Amino acid sequence: MDDATAMRNALTEAQRAITHGDVPVGAVVVHNDEVIARACNEREHRSDPTAHAEVIALRAAARLLGTWRLDECTLYVTLEPCAMCAGAIVNARVRTLVFGATDLKAGAVGSLYNIAADPRLNHEPIVRHGVLGTECATLLHEFFEEQRVIMGKKHDNDLSWWSPQAIALQEAEVRARADQGELDVRNDFASYRALADGRDPVSAGLHLHNPYKEQHVDALCRDYSNIWRKVSLSAPSSVADLGCGAGYTTAGLKRLWPGAAVHGIDVSEDAIRFARARWGSCQFESRAIDPYEQTYSNTFDFVLCQEFYPFTRTSSSDEHRLWFRFLRRSVTSIGLAVITVSSANRESVNATFGELQEEFQLTRYTLSSPRISRRVPFALSRILGEILSKAKPEWARDIFIIHHSGSH
């Protein structure tokens, strides 16, 4: 039996894993040119952390052959084995290991470790990799894309998408799609120049098409939800994202509060053109945002000014006062206006916070970074944020809150 045929058997097993909600990884054991054992990942199905496809298949083969020594067998698996499975392969004396897709996050046969080729161990299997690698990787990619849509928040505590290996993989994926003509990142750069901020066209395209960006946005939006709950247990009915840019956070607010009417507003027509094409669930408009306006076309329960230009680039207390008044007029009687300021620009608001705090009953939270706040309760994120703002300012975010009624 050739490698491709055996790997297709493993892919069939991997597809079976999806039926019970497990990550699609499949394995088969071949002995004397015949498949003698097959298995798929069953961690979720069995509630067993050791129920990886490789382990289950090796156990079945050992039972069939009546020996734990599988030195005449070849194991085919769709994904590079983890440390546990690589150890099991060595301990089972498997003669040959063949895998499809590499696993930059947890692979232990060349990616993070190379247990199968460690000379300190008493067995080194023959290893071949990349067999039907594209098909194996595609199955996994499609599974996780669907999980993000259907079950998005289930995997929110996994920070692997921040790792250098994951970022490199994301960039390689987008560049490959661009090279194949699937993405015109240069056109995106031209249509939304403001986002590039001096970066080259491919880098701008990577930013726009990064499939992990929504996880970051959703983490931020959950902070905003926790702030809103301090005012009302009901979801807001109308939400505005001032200075919405590409609309990623606007869409995140819509995912957070699907029943709300969510508006994205930006001065850049190019940004709004991109956002309208990218996010159909929200309303976008391009208009000048003027603090001198005495009336506004809408008032909202929740107004977000995330890294809003007037608060990140100015230090004038008089100008900030104008914007605070404008925002207070823009929210309903139960509403909140939330201003976020990054560590790089917080001094512009810090300089006037004390002066304007009493007049506008401003509340300030300093939250830990999204990496941390995703994993801890909101109150603990605030405590950590206060600490980190002193130790490592770039890790913390300042959030300023204006309530329409002037009370909290």
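At-a-glance table
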| item | result |
| --- | --- |
| Amide hydrogen neighbours beyond the local backbone of Phe300, cut-off 5 Å, H modeled | Val331, Thr332 |
| Scaled radius of gyration (Cα, divided by 2.2 N^0.38 Å) that region 243-313 gives | 1.08 |
| Per residue value of the accessible surface for region 10-131 (all protein chains in place, 1.4 Å probe), Å² | 46 |
| Leu65/His123 FRET efficiency (R0 22 Å; Cβ-Cβ; nearest 0.05) | 0.85 |
| Accessible surface, per residue, of region 213-353 when the full set of protein chains is kept, probe 1.4 Å, Å² | 41 |
| Candidate residues Asp48, Asp301: accessible-area rank, largest first, probe 1.4 Å | Asp48, Asp301 |
| Under 5 Å, built H, 5+ apart or other chain: amide partners of Gln306 | Leu242, Thr340 |
| Ranked order, Thr12, Thr138 - accessible area, probe 1.4 Å, largest first | Thr12, Thr138 |
| Solvent-accessible surface (1.4 angstrom probe) belonging to Asp223, in square angstrom, nearest 10 | 10 |
| Calculated FRET value between Ile383 and Glu135, using beta carbons and R₀ = 56 Å, to 0.05 | 0.75 |
| Heavy-atom accessible surface of region 60-124: percent carbon and sulfur, 1.4 Å | 51 |
| Cα shape, region 18-150, gyration tensor, a/c 1.5 rule | prolate |
| Ranked order, Lys213, Lys105 - accessible area, probe 1.4 Å, largest first | Lys105, Lys213 |
| Protein accessible area in region 224-318, 1.4 Å probe - carbon and sulfur % | 46 |
| His45 accessible area, assembled protein chains, probe 1.4 Å, Å² | 110 |
| Distance between region 55-118 and region 224-254 - C-alpha centres, whole angstrom | 47 |
| Extended-chain gain in nm, criterion 0.36 nm per residue less alpha-carbon gap, Thr50 and Arg321 | 91.7 nm |
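The values are calculated or read from the model by the stated rules, or taken from the named source; none is laboratory data. This one's a predicted model, so the numbers in the text were calculated from it and none came from an experiment. In this analysis, Cβ positions are derived from the backbone assuming ideal geometry, glycine residues included, and neighbour counts consider all displayed protein chains. In case anyone asks, the SASA skips ligands and DNA or RNA and just uses the protein heavy atoms, side chains included. Shrake-Rupley method; radii C 1.70, N 1.55, O 1.52, S 1.80 Å.
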